[in-house]
Amino acid sequence: MSPALQNITLAGGCFWCTEAVFDRVRGVTDVQSGYANGAVVAPTYEQVCTGETGHAEVVRISFDPAQIGVREILEIFFATHDPTTRNRQGNDVGTQYRSGIYYTEPAHRQVAEDLLRELEQGGQFGRPVVTELQELTNYWPAEDYHQDYFAKHPGQGYCAYVVGPKVEKFRKTFASHLKPGA
């Protein structure tokens, strides 16, 4: 019998990008775009975009730990976004685009702390990693039109020029973690 599903919530800039990558990861059973760690209850996209709510655009990832571990999920996360830019991913600028790991399980926090320490000591990014590590608070799902956005709109400009290349990078770098047919 497989252990119960687990969740971790990640902020890697625009949630469309992060969702599109993790939708293709073997062992991931669900990815939901949303908002986390802000002050407003049930924020809207428009509110979050002002930068005044304190929320990050995130994806809540449900996964089967018998198929993929938190460490592997975080390795994919760090390889598919820039963890060295504070409140920015490419042309997306604002506190809602920060890099973050939001946990509910103490064991997940420990794995993230260990990996963050290794990344800092290894210097592989050439700059300090600014990814915040916090307990998950005030999570709200994003509006329905944000869910599975890349799958529904692959030809849309942002999807074609920003999301698509991140998905291709994942496919090439983590081929062993690719879901069949993804």
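Just so it is clear, none of the values below were taken in a lab; they were calculated from the coordinates. As the structure is a computational prediction, the values presented were derived from the model and not from experiment. Cβ sites come from the backbone with ideal geometry, for glycine too, and all protein chains shown count toward neighbours.
Computed values, structure above
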item	result
The lone exception for residue 71 - which of (1) closer than 17 Å to residue 7 by Cβ; (2) in a loop (DSSP other than H, G, I, E, B) it fails	(2)
Cβ pairs under 8 Å, 6+ apart, first in the range 106-135 and polar (S, T, N, Q), second assigned to a helix (DSSP H, G or I) and surrounded by 12 or more Cβ atoms within 10 Å (Cβ to Cβ)	131/78; 131/116
Residues being at negative phi and outside any helix (DSSP H, G or I) - total across the range 102-145	22
Qualifying residue in the range 101-111 (condition: surrounded by 15 or more Cβ atoms within 10 Å (Cβ to Cβ) and of a type in the set (A, V, I, L, M, F, W, C))	yes
Flag for residue 129 being out of contact with any Cys (no Cβ under 8 Å at 6 or more places or on another chain) and within 16 Å of residue 78 (Cα to Cα)	yes
Any hit, the range 152-162, residues being in contact with a Ser or Thr (Cβ under 7 Å, 6 or more places away or on another chain) and loosely packed, with under 12 Cβ neighbours inside 10 Å	no
Conditions (1) over 15 Å from the mean Cα position of the chain (by Cα); (2) part of a helix (DSSP H, G or I); (3) of a type outside the set (A, V, I, L, M, F, W, C); number of the one not met by residue 96	(1)
